[in-house]
Amino acid sequence: MSTTIAAIGTALSNSGISIIRISGKDSLNIINKIFKSSSKLEPNHIIFGKIINNNDIVDNVLVSYFKAPHSYTGEDVCEINCHGGNQITKEILEIVLENGATLAEPGEFSKRAFLNGKMDLSQAEAVINLINAKTKTETRIAANNLEGNLSAKIRDLREDLVELMAKIEVSVDYPEYDYEEVEPTSIIDLLNKKISQIDELLRTYEHGKYIKNGVNVAILGKPNVGKSSLLNNLANYEKAIVTNIPGTTRDIVEETINLGNIVLNISDTAGIRDTEDIIEKIGVEKSLKILEEVDLVIYIISGEEGIKKEDYEILSKIENKGLKYITVINKSDITSKTVLNGIMKELEQNNIKKPICISAQENIGIDDLKNSIVDLFDINDLDYTHELIITNERHKDLLKKAVNYLNEAKKEIDLGQPIDIVSIYVKKATKTLGEIIGADVTEDIISKIFEKFCLGK
């Protein structure tokens, strides 16, 4: 990390200000070459001055200086706050690079912060989660992890296991000394405790994955039942083409909307029916295939047409896959109550969940539909300020791996294996937990994590 790096830390657009960030041992030297001010630049101060290039004034700016190790990266850091705008921001960055800095790679500032011990790996991942957050819940969870709440939990999980390994190693390596013997029953008690704690964390991932990635929703049904109208209603604009001609939607139309603390990734699909039209047939195949990828199906039945044999066939496929689904009867504004009640009774007799009656065209029953989705995923009531929630798939996989190793250790004890064999699996579990916070992780994994970051972070 001998090089001094620089990058634009804000989005390139016409805006009030832009920030160029510089980190490394030559940061202050570079600033002193290009920045002129009547005030002296001191650590943890921000002062007004001018960027100069070949005696020409480039811009009036504010510059701040953070002296190592008291900075984001742990190195000397200088930040230039210039007027926002593509041209002026790029020009100042070029001047910084011409005076000794190297263009930073994506995530390189945060990577240096990790390598310099300013944050652990789970905190670094929380930074990118905070930047990419789409809901208030997601920002709060990321902020909690950035504060080190997850790190503290992982360290707590590892502490007793490290202590157990130390006792085992002493008893194995120095049997001649009168150390307290490690009893198999006490090891099993400790392993059960740690497995229970990790399982408790893992259970939160069911919510966490929806918070981070959103809920993948497919709107299914036969042609002309109002799938596209519902998508347009939820999106609050005309996303999909709507006509009274069956088969208008021939491909999957996608839209993302926020529903409280849930992000819905909605796919409006082609109407499912037997057709000789080659293009429409491909669309129908895609509609059925999407069942492999979604978390929720909104199945629409037309109140005008009633429920048909094909509807039961598709609903049966949805239930057989164990998918969450909501049945909707659309066009309730132009369907008599008698007909609607008849459809609802028939669905009930065939063990189909109670449907919601809506009119996508007239915005009737849409709030009931939204509330049903929220209730299904139970996210809005999460106590994310006090409860640790796992949203990162890497963390989930490593926690599962650690549990497997601890269960293997228990099996070895049950088989009467020597204590040093048991310690192999305990050590693997401890190492795996360490990978979450970066205590024991390869350079390849570090690089893969930080390459997901944007430039300047």
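Which percent, to the nearest 5, of DSSP beta bridges fully inside the chain are antiparallel? Don't skip to the end; give the middle numbers.
Numbers: 35 of 56 bridges.
That works out to approximately 60 percent antiparallel.
Just add up the charged neighbours of residue 55: K/R +1, D/E -1, any other residue whose Cβ is under 13 Å from the Cβ of residue 55. Here the count lands on +2.
Over 31 Å between Cα atoms, which of 227/321; 25/136; 193/354; 289/331 qualify? Beyond 31 Å: 25/136; 193/354. Taking a Cβ cut-off of under 12 Å around residue 20, the surrounding Lys, Arg, Asp and Glu residues balance to a net charge of -2, with basic ones at +1 and acidic ones at -1.
Starting with the fewest neighbours, write out 182, 403 ranked by other beta-carbon atoms found within 10 Å of each beta-carbon. Intermediate results must be reported in sequence, preceding the final value.
Working: 182 17, 403 21.
Starting with the residue having the fewest Cβ neighbours, the order is 182, 403.
Long hydrophobic helices in the chain: the complete DSSP H runs spanning 30 Å or more by Cα along their own axis with mean Kyte-Doolittle hydropathy of at least -0.5 are 149-173. Here the scattering of the chain is modelled by Debye summation over its C-alpha atoms, one equal scatterer each and no solvent; at q = 0.09, 0.11 Å⁻¹ the log10 of I(q)/I(0) is -0.84, -0.99. Amide H contacts for residue 221 (H built 1.01 Å from N in the peptide plane; partners 5 or more residues away or on another chain; cut-off under 5 Å): 272, 300. Three principal axis extents describe the C-alpha atoms of the range 73-124; from largest down they are 36, 22, 17 Å.
Count the net charge of all other residues whose Cβ sits under 14 Å from the Cβ of residue 75, scoring Lys and Arg as +1 and Asp and Glu as -1. Don't skip to the answer; put the middle values down first.
Working: positive: 21, 25, 67, 111, 112, 118; negative: 26, 76, 79, 108.
Around residue 75, the surrounding residues sum to +2.
Here's how it looks for residue 357: its modeled amide H is under 5 Å from those of 329, which are all 5 or more places away or on a different chain.
Taking 0.36 nm per residue of sequence separation and removing the Cα-Cα distance, the residue 345/residue 2 pair yields an extension gain of 116.1 nm. For the chain, the relative contact order comes to 17 percent (Cα pairs under 8 Å, sequence separation of at least 6).
What the phi angles of the range 324-335 give under the Karplus curve with 6.51, -1.76 and 1.60, with θ = phi - 60°, is a coupling list of 5, 8, 10, 8, 10, 9, 8, 6, 5, 6, 10, 10 Hz, glycine and proline written as x. For residue 417 and residue 442, the FRET efficiency from 1/(1 + (r/R0)^6), where r spans their Cβ atoms and R0 equals 25 Å, is about 0.30.
Remark on residue 85: its backbone amide H falls under 5 Å from those of 13, 15, a criterion applied only to residues 5 or more positions apart or on other chains, H modelled at 1.01 Å from N.
Can you put 109, 114, 66 in order, fewest other beta carbons within 10 Å first? Present the calculation step by step, with values, prior to reporting the outcome.
Numbers: 109 27, 114 23, 66 20.
Result, fewest neighbours first: 66, 114, 109.
Under unit Cβ charges (Lys, Arg +1; Asp, Glu -1), what dipole magnitude, rounded to 20 debye, does the chain have relative to its Cα centre? Mind dumping the intermediate values first?
Values: 54 positive and 72 negative charges, 236 e Å.
Here the size comes out at about 1140 debye.
Readers should treat all values here as calculations from the given coordinates under stated rules, not as data from a laboratory. A quick note: this is a predicted structure, and the numbers were derived from the prediction, not measured. Backbone-built Cβ (ideal geometry, glycine too); neighbour counts: all protein chains shown.
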